[in-house]
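Single-structure report; data block below.
Each value in this text was obtained by applying a stated rule to the coordinates, not by laboratory testing. A quick note: this is a predicted structure, and the numbers were derived from the prediction, not measured. Cβ coordinates were reconstructed from backbone atoms using ideal geometry, including for glycine residues, and neighbour counts include every protein chain displayed.
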Amino acid sequence: MSGYIIEGATGPWEIVVGLEVHAQVISHAKLFSGASAEYGGEPNTHVSLIDAGFPGMLPVINAECVAQAVRTGLGLNAQIHLMSRFDRKNYFYADLPQGYQISQFAHPIVGEGQVEIELANGSVRHIGVTRLHLEQDAGKSMHDQDPTRSFIDLNRAGVALMEIVSEPDIRSPEEAGAYLRKLRQILRYLGTCDGNMEEGSMRADVNVSVRKAGEEYRTRCEIKNVNSIRYVMQAIEVEAARQVEIWEAGGTVDQETRLFDHVRSETRSLRSKEDAHDYRYFPDPDLLPLLIERDWVEGLRAALPELPEAKRERLEKTYGISRYESGVLTVEQGIADFYETVAKGSDPRLAVTWMLGDFFAALNRTGATIETSPVKAEGLMELLALITDSTINGKIAKEVLEDMFETGDSASVIVERKGLRQVTDTGAIEAEIRTILSAHADKLAEYKSGKDKLFGFFVGQTMKAMKGKANPAMVNELLVKLLAE
Amino acid sequence: MHDLTLASARKALRERRLSAVELTDHFLASIRKFDGEINSFVTVTEDQARAGARAADALLATDNAPSLCGLPLGIKDLFCTNGVRTTASSNILRNFVPPYESTVTSNLLADGAIFLGKMNLDEFAMGSTNMTSAFGPVTNPWRRKNSDVKLVPGGSSGGSAAAVAAGLALGTTGTDTGGSIRQPAAFCGITGIKPTYGRCSRFGTIAFASSLDQAGPMARTMEDCAILLESMAGFDPKDSTSVDRPVPRYEDALERGVKGLKVGIPREYRPDTLPADIAALWDQGIAWLRDAGAEIVDVSLPHTKYGLPTYYIVALAEASSNLARYDGVRFGERVDAGTLDELYEATRHAGFGEEVRRRILMGTYVLSSGYYDAYYLRAQKVRTLIQRDFLNAFEKVDVLLTPTAPSAAFAHSERPTDPVQIYLNDIFTVPASMAGVPALSLPAGLDHDGLPLGLQLIGRYFEEETLFAAGRVMEKAAGFTHKPALHAGAFA
């Protein structure tokens with residue numbers, strides 16, 4: 001438990017949250033038409049007559065969208081329903097061409113599953129997934145193009161969405177954030193949704209209620225279409241606080257649909273329960289029940305990529321890295337792949353230390369991502385090899401890595417160009433040490449009289465004199481010998 | 001020329017005794033002459049028909065003429081036709097010109113058919129009188145003996161039926177949701193078949209009730225219907241409910257006969273109120289089949305009485321949703337108004353006629369929260385029972401014989417004001433629609449007023465061939481050669 005509690009005047013309140021995530025399916029074509037499902041494009045250029053709801057047009061299911069939903073279900077360890085069915089959800093809106101949305105109401109393609117989340121304190125929770133179903137997206141209404149008229153862009157109309165509904169298992173904004181991040185991570189690993197919340201390819205409806213410990217659920221409000229993880233967390237916080245205030249003032253929370261205004265950090269009523277649509281769901285008579293075969297599902301399962309949890313465990317076992325390190329490395333598939341390439345050609349411990357340290361720091365500083373990084377896995381591998389074979393020491397390596405990010409040159413080129421090769425000539429190091437010792441006769445005397453700490457001073461002076469290029473182990477060794485003379 | 005059937009015209013064209021241009025010009029002239037009174041066409045496509053006829057003549061001069069090459073047909077104005085206005089006889093689509101062709105009409109065009117124009121119908125195929133059309137009612141070419149009272153052609157494919165009866169087309173396409181091919185065929189003294197649900201693609205056909213709508217041919221003879229259905233039918237990947245199985249050569253089944261065929265007579269189709277003429281004709285039909293070697297078996301379809309109410313729940317529920325797309329936003333007529341909701345209201349009020357509005361309201365009602373279980377869900381369960389009735393019956397018999405409609409054509413002025421009375425017209429045709437089994441109507445005789453009456457044959461799923469064979473036997477026995485009062489031949 002995350003122990004997120006709202007301390008009200010009447011005592012502590014617990015929050016109860018369930019999330020409905022709409023995730024746009026990655027596919028070339030729309031759910032029921034051959035039109036392009038690609039994001040963007042000039043308005044109304046990715047629209048077929050089916051999407052525009054012309055008379056006599058009929059939907060035909062796109063098998064790839066079904067496969068993507070099944071893959072996602074498998075990734076969520078969920079039941080796959082071999083029989084599912086499409087229903088019509090009827091309502092009028094200008095960007096809903098048919099006057100109904102084709103969705104799966106009574107018989108979704110995916111049933112109960114689970115998402116494991118990890119919280120900042122290291123604790124682990126399991127959030128239940130109630131169901132996942134396929135449905136069509138609506139078009140886009142644009143009210144800001146003209147003072148008196150609205151415009152409609154149907155590019156998005158008919159694009160396949162997966163609605164992933166969680167159980168009301170979430171108990172804090174932090175858990176909601178962790179759930180969404182984990183879900184997005186799984187979808188991205190599976191390649192079933194790009195999880196891009198800015199472009200709207202992942203959106204969340206947030207159901208929030210509050211209660212006293214041990215109580216049944218109280219009335220919930222649904223906050224529609226929140227489009228960032230941060231806003232979801234904020235919306236839960238302010239909505240829960242609003243509800244506590246109402247209950248404590250002796251009022252009752254009305255079941256309603258609300259909007260989150262992130263500028264004013266408040267939720268506002270969109271429509272009350274009385275105004276709620278009667279969607280008149282019924283089975284779409286244009287489509288037969290969707291029957292899929294066990295063997296086909298097993299084929300998809302066999303071809304699934306390795307998922308974050310499995311990858312984490314394998315990385316820990318194979319490379320001897322920590323739970324924390326495996327977590328960071330598997331946030332994105334690209335990072336894990338990068339690491340594995342480096343780790344296979346280097347000391348895996350050295351590799352993780354460098355990636356999580358200087359390499360990520362350099363990415364952050366330059367605004368690059370793992371994909372756009374000017375330093376590729378092979379480049380980092382070469383740098384680490386230079387450390388391992390004592391061509392350069394760690395301190396010099398940091399300088400070389402920075403140079404690599406700036407110039408795009410390889411580590412060895414930079415080492416040669418700057419003459420950074422480590423000095424391993426014992427004679428040269430010994431001569432330098434003798435010079436230092438004679439230049440600091442006073443310090444040497446102090447050392448000899450018992451001030452052991454001055455050893456570090458002599459190391460520092462030697463390294464400084466040799467511009468950092470001396471082999472640190474040799475400096476130590478020789479200094480011990482010469483101080484003992 | 002007026003006594004041509006589709007089959008005999010095909011032969012004449014093949015033998016070059018007749019040109020497609022001559023044939024087409026004849027029908028265009030007949031339409032000009034008679035359709036002012038009948039009103040069976042919403043749109044006549046003269047130029048396209050003539051151009052098609054010229055192209056057909058060129059093809060007929062080669063050895064590569066397709067099966068329907070040069071044969072002029074009328075197309076119910078519910079089938080979208082590329083570049084040709086398609087209205088569903090509704091104001092809301094008054095000026096709608098689709099940029100696409102329905103699969104059924106594509107199939108006919110690919111086989112060389114010529115389209116004379118688009119046939120009038122009840123608005124959005126909702127009706128059994130063809131009086132709900134925004135383009136005016138169709139008048140049945142038949143008259144009662146010694147009477148000038150105008151009669152309805154039945155519906156919804158009233159224009160399609162009337163045109164064939166009056167000799168204004170060799171054949172027409174119809175659609176049948178609860179009897180819309182069979183009942184007007186019976187009222188107009190022609191033949192029409194509603195094939196098995198899934199036999200013809202629904203792609204590009206304006207939907208009324210998706211789980212029931214099925215296209216089929218209407219023509220003068222069994223043979224003509226067989227020829228047309230073979231072209232119209234077939235699997236279409238663009239319609240998920242169309243069925244992937246080969247289309248037989250229906251013509252080859254026509255002369256199979258009925259020897260040994262078991263014909264079921266469902267007792268529930270003989271209510272006390274059944275007019276004596278119809279009961280007698282039914283008995284006559286039974287005798288024809290028995291005489292031809294069929295075995296007559298009494299059967300029961302116990303859920304028949306629930307057919308009509310469940311049909312009107314399922315069909316209208318689907319219709320209320322199917323017609324939501326006519327909102328004035330993307331195509332069709334629009335009545336501008338202040339807000340979006342007002343635009344919807346004004347557009348749909350002006351665009352839809354009274355019967356369509358009534359059906360949308362009823363369909364919306366039965367799907368509403370709190371009513372869904374009592375109406376829609378219950379109706380679906382009863383629908384399963386009706387299907388089971390047919391499956392049980394077809395374990396004992398091969399086809400069923402029933403009347404097509406509970407009356408002959410009635411006058412425009414006699415049209416009941418109570419919609420339920422009108423819905424009763426569908427009482428014998430609706431059950432086969434609910435089950436999805438194929439059924440045809442053929443003209444079997446005249447009533448005491450001299451009006452045609454139809455008999456209905458219902459078959460097993462995808463056994464249209466058996467229907468054609470049994471229908472052909474009855475057609476020969478009936479020898480129905482009566483002509484309506486209004487007929488191109490009578491004035492030629």
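Structure above, values below:
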{"item": "Within the stretch A:77-108, considering residues that are touching a helix residue (DSSP H, G or I) at 6+ places or on another chain (Cβ under 7 Å) and crowded, with 19+ Cβ neighbours inside 10 Å, the one farthest from A:PRO43 (Cα to Cα)", "result": "A:ILE80"}
{"item": "Of residues in the stretch A:56-70 being farther than 21 Å from B:VAL329 by Cα and not in a helix (DSSP H, G or I), the one farthest from the other protein chains (Cβ to nearest Cβ)", "result": "A:ASN62"}
{"item": "Yes/no for B:GLU101 being within 14 Å of chain A (Cβ to nearest Cβ) and surrounded by 23 or more Cβ atoms within 10 Å (Cβ to Cβ)", "result": "no"}
{"item": "Cβ pairs under 6 Å, 6+ apart, first in the stretch B:225-244 and under 10 Å from B:CYS200 (Cβ atoms), second β-branched (Val, Ile, Thr)", "result": "B:MET232/B:VAL104; B:ALA233/B:VAL247; B:GLY234/B:VAL247; B:ASP236/B:THR103"}
{"item": "Only listed residue being more than 13 Å from every other protein chain (Cβ to nearest Cβ) and touching a residue at least 12 places away in the same chain (Cβ under 8 Å), chosen from B:PHE115, B:PHE96, B:PHE79", "result": "B:PHE115"}
{"item": "Qualifying residue in the stretch B:179-199 (condition: assigned to a loop (DSSP other than H, G, I, E, B), among the small types (Gly, Ala, Ser) and within 14 Å of chain A (Cβ to nearest Cβ))", "result": "yes"}
{"item": "Of all residues in the stretch A:260-291 being farther than 24 Å from A:TYR100 by Cβ and surrounded by 15 or more Cβ atoms within 10 Å (Cβ to Cβ), the one that is farthest from the other protein chains (Cβ to nearest Cβ)", "result": "A:GLU266"}
{"item": "Condition met for B:ILE38 (within 14 Å of another protein chain (Cβ to nearest Cβ) and either surrounded by fewer than 20 Cβ atoms within 10 Å (Cβ to Cβ) or closer than 22 Å to B:SER133 by Cβ (or both))", "result": "no"}
{"item": "Residues of the stretch A:79-127 satisfying the condition of being hydrophobic (A, V, I, L, M, F, W, C), more than 11 Å from chain B (Cβ to nearest Cβ) and over 30 Å from A:GLU325 (Cβ atoms)", "result": "A:ILE80, A:LEU82, A:MET83, A:PHE105, A:ILE109, A:VAL110"}
{"item": "Options A:THR369, A:THR424; residue that is within 15 Å of A:PHE338 (Cα to Cα), β-branched (Val, Ile, Thr) and exposed (fewer than 15 other Cβ atoms within 10 Å of the Cβ)", "result": "A:THR369"}
{"item": "Any hit, the stretch B:4-15, residues being β-branched (Val, Ile, Thr), touching a Cys at 6+ places or on another chain (Cβ under 6 Å) and outside any helix (DSSP H, G or I)", "result": "no"}
{"item": "Residue satisfying all of: in the stretch B:1-25; of a type outside the set (S, T, N, Q) and without any contact (Cβ under 8 Å) to a residue 40 or more places away in the chain; farthest from B:GLY489 (Cα to Cα) among these", "result": "B:GLU15"}
{"item": "Test: residue in the stretch A:211-223 that is part of a loop (DSSP other than H, G, I, E, B), more than 14 Å from chain B (Cβ to nearest Cβ) and of a type in the set (Asp, Glu)", "result": "yes"}
{"item": "Residues (free of Cβ contacts under 8 Å to residues at least 60 places away in the same chain and buried (at least 22 other Cβ atoms within 10 Å of the Cβ)) located in the stretch A:109-130", "result": "A:VAL110, A:GLY113, A:ILE127, A:VAL129"}
{"item": "Members of the stretch A:15-35 found to be assigned to a strand (DSSP E or B), surrounded by fewer than 24 Cβ atoms within 10 Å (Cβ to Cβ) and of a type in the set (A, V, I, L, M), listed by number", "result": "A:VAL16, A:ALA29"}
{"item": "First in the stretch A:286-307 and at negative phi, second anywhere and surrounded by 14 or more Cβ atoms within 10 Å (Cβ to Cβ) and aromatic (Phe, Trp, Tyr), Cβ under 6 Å, 6 or more apart", "result": "A:LEU287/A:PHE86; A:PRO305/A:TYR189; A:LEU307/A:TYR189"}
{"item": "In the stretch B:89-130, the residues that are within 14 Å of the chain's Cα centre (by Cα), part of a loop (DSSP other than H, G, I, E, B) and not charged (D, E, K, R)", "result": "B:ASN120, B:LEU121, B:MET126, B:GLY127, B:SER128, B:THR129, B:ASN130"}
{"item": "Only one of B:ALA207, B:ALA215 that is within 12 Å of chain A (Cβ to nearest Cβ), assigned to a loop (DSSP other than H, G, I, E, B) and in contact with a helix residue (DSSP H, G or I) (Cβ under 8 Å, 6 or more places away or on another chain)", "result": "B:ALA207"}
{"item": "Candidate set: the stretch B:137-160, residues that are among the hydroxyl-bearing types (Ser, Thr, Tyr) and assigned to a loop (DSSP other than H, G, I, E, B); chosen: the one nearest to the chain's Cα centre (by Cα)", "result": "B:SER157"}
{"item": "The stretch B:460-492 - residue that is surrounded by fewer than 17 Cβ atoms within 10 Å (Cβ to Cβ) and of a type in the set (A, V, I, L, M) and, of those, nearest to the chain's Cα centre (by Cα)", "result": "B:ALA485"}
{"item": "Some residue of the stretch B:361-375 being over 18 Å from A:TYR91 (Cα atoms) and free of Cβ contacts under 8 Å to residues at least 40 places away in the same chain", "result": "yes"}
{"item": "Residue in the stretch A:146-160 that is surrounded by fewer than 20 Cβ atoms within 10 Å (Cβ to Cβ), charged (D, E, K, R) and closer than 28 Å to A:PRO289 by Cβ present", "result": "no"}
{"item": "Counted residues, the stretch B:295-347 - those being charged (D, E, K, R), within 11 Å of another protein chain (Cβ to nearest Cβ) and under 25 Å from the mean Cα position of the chain (by Cα)", "result": "2"}
{"item": "Elements of type strands (runs of 3 or more DSSP E) in the stretch A:82-197, at least 1 residues being among the acidic types (Asp, Glu)", "result": "A:87-90, A:113-118, A:124-136, A:151-153, A:160-166"}
{"item": "B:ALA287 touching a residue at least 60 places away in the same chain (Cβ under 8 Å) and either over 18 Å from B:GLU463 (Cβ atoms) or away from chain A (no Cβ under 14 Å) (or both)", "result": "no"}
{"item": "Those residues of the stretch A:36-55 which are crowded, with 21+ Cβ neighbours inside 10 Å and within 14 Å of another protein chain (Cβ to nearest Cβ), in sequence order", "result": "A:VAL47, A:ILE50, A:ASP51, A:ALA52, A:GLY53, A:PHE54, A:PRO55"}
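Table: residues versus (1) under 32 Å from the mean Cα position of the chain (by Cα); (2) free of Cβ contacts under 8 Å to residues at least 60 places away in the same chain.
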residue: A:ALA23; (1), (2): yes, no
residue: A:LYS30; (1), (2): yes, no
residue: A:SER33; (1), (2): yes, no
residue: A:PHE54; (1), (2): no, yes
residue: A:PRO59; (1), (2): no, no
residue: A:ALA67; (1), (2): yes, no
residue: A:LEU82; (1), (2): yes, no
residue: A:ARG85; (1), (2): yes, no
residue: A:TYR93; (1), (2): no, yes
